[in-house]
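What follows is a set of notes on a single structure, which appears directly below.
The values are calculated or read from the model by the stated rules, or taken from the named source; none is laboratory data. This one's a predicted model, so the numbers in the text were calculated from it and none came from an experiment. Please note: Cβ atoms are built from the backbone with ideal geometry, for glycine as well, and neighbour counts cover all protein chains shown.
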Amino acid sequence: MPGEVYSIATSDAGSVAGFTHTLSTKLAAACGVLTAAISLLVISVPLGLLVILGTPPVLALMQVVSRPLERRAETDQWQGAKAGALAADLLSGLRILSGIGAGDAAAQRYRGASRTSLGATLRAQRYQAMYSAANVAIAGAFLAVIAYVGGRMAASGSISVGEFVAVVGLAQFLRGPLIDIIYFGAGLARARASANRVAALLGTTEAVTPAGEPVSLNHSEFLTLRDVVLAGASPVDLDVKRGEIIGIVTENAAWADALVDALARRIEPSSGTIHLGDNAIHELHIDELRTHVLAAPHDAALFIGTVGDNIDALAPIGSRNDEAIAAAAADQVISALPLGLATRVTEQGNSLSGGQRQRIALARALASEAPVLVLHDPTTAVDSVTEARIARGIAEVRGAHATILLTSSPVLLDICDRVIEL
């Protein structure tokens with residue numbers, strides 16, 4: 001999910017990177033402990049050995065104590081990322097949720113995710129507080145043992161009173177570096193939790209197998225599906241030829257989304273083959289495939305920039321997009337905007353209404369002049385009059401190319417040469 005990926009790329013990556021700074025301070029603290037241990041060896045070999053031999057068990061004990069903190073930190077970060085992902089999704093679909101009256105249900109869902117994240121954070125912080133208290137107690141007990149042994153040696157005459165004072169002073173000096181080293185476990189726990197999430201993201205397998213040796217594309221004017229299984233549905237056979245508009249009607253929205261993703265090579269079909277011309281699409285380089293097959297999802301997003309930039313994004317260099325703009329009825333949108341084609345568009349096109357975004361995205365798809373174009377419900381956010389105009393426009397602009405319309409709209413199905421019901 002986009003929100004979770006954003007959390008990993010910012011918070012978790014920052015935590016892992018920040019650990020390098022933490023490591024340098026811990027190394028400096030370790031040098032301080034080593035210096036104090038050597039000084040104690042000069043004063044008294046038993047006292048020096050006590051510090052040198054006693055420090056590793058203390059650190060090992062705190063490392064064991066930090067293990068639950070690592071688990072709680074990982075849960076805290078995962079729940080926070082989950083809440084962030086949900087917030088991003090809800091914000092991107094806020095207008096749709098408001099339109100269907102689902103705003104309260106969406107807010108309740110986010111409150112639940114937010115409270116779960118808060119609970120995970122509080123549990124992690126409570127254990128962090130317990131861990132800090134244990135740090136101070138163990139470090140203090142260790143230093144008290146050093147002072148006690150030094151006092152007994154001074155009382156027995158093994159060391160002088162001045163040397164005992166030096167031992168107490170070194171023990172007090174050791175407190176800061178030793179606690180600093182002990183806190184290494186907490187920093188390591190959080191860094192490891194973040195590193196695990198970063199590694200899981202980087203280790204995610206590819207959704208599709210890349211082409212081994214890309215082949216030259218022959219006869220890209222027709223598309224063939226043979227025994228293709230998507231989203232658990234029955235196998236589908238389909239032939240789409242140049243100059244043909246095929247309408248596909250299905251009540252299985254998941255299948256329609258899966259077909260768009262499969263033709264764009266974002267997923268692999270469960271079984272079966274898809275050919276573009278004489279070549280299976282998995283044999284083609286992904287950039288070459290997407291030059292010839294454009295699969296436009298229902299919720300096609302706009303990019304930050306101008307309206308003109310969005311429409312020109314997929315168009316051949318130097319081409320005029322007037323016909324595509326008119327066919328998508330985007331000229332009405334452009335004329336209503338304050339700066340026309342130069343009007344700035346915010347992220348995801350959220351500065352525009354749903355109908356405006358949909359028409360500009362459709363104009364972008366039509367301007368691509370792709371030999372095979374797949375459109376999934378391209379007119380759900382426009383009125384019936386505009387939809388009729390768009391249908392005529394699609395028929396005119398796509399007359400020389402292959403087009404697949406995934407829709408249940410009678411107006412769009414009316415321009416199709418064939419209609420297939422699944």
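Details
- Scan region 249-302 for residues that are of a type in the set (D, E, K, R) and within 28 Å of Asp414 (Cα to Cα) and the total you get is 5.
- Given (1) touching a His at 6+ places or on another chain (Cβ under 7 Å); (2) surrounded by 18 or more Cβ atoms within 10 Å (Cβ to Cβ); (3) more than 21 Å from Leu366 (Cβ to Cβ), number of the condition Pro269 does not satisfy: (1)
- Residue list for region 292-313, filter: more than 25 Å from Ser384 (Cβ to Cβ), at pLDDT below 90 and not in a helix (DSSP H, G or I): Val293, Leu294, Ala295, Ala301, Phe303, Ile304, Gly305, Ala313
- Note on region 1-99: enclosed helices (runs of 4 or more DSSP H) holding 1 or more residues that are at pLDDT 70 or above and of a type in the set (Ser, Thr, Tyr) are 13-43, 45-92.
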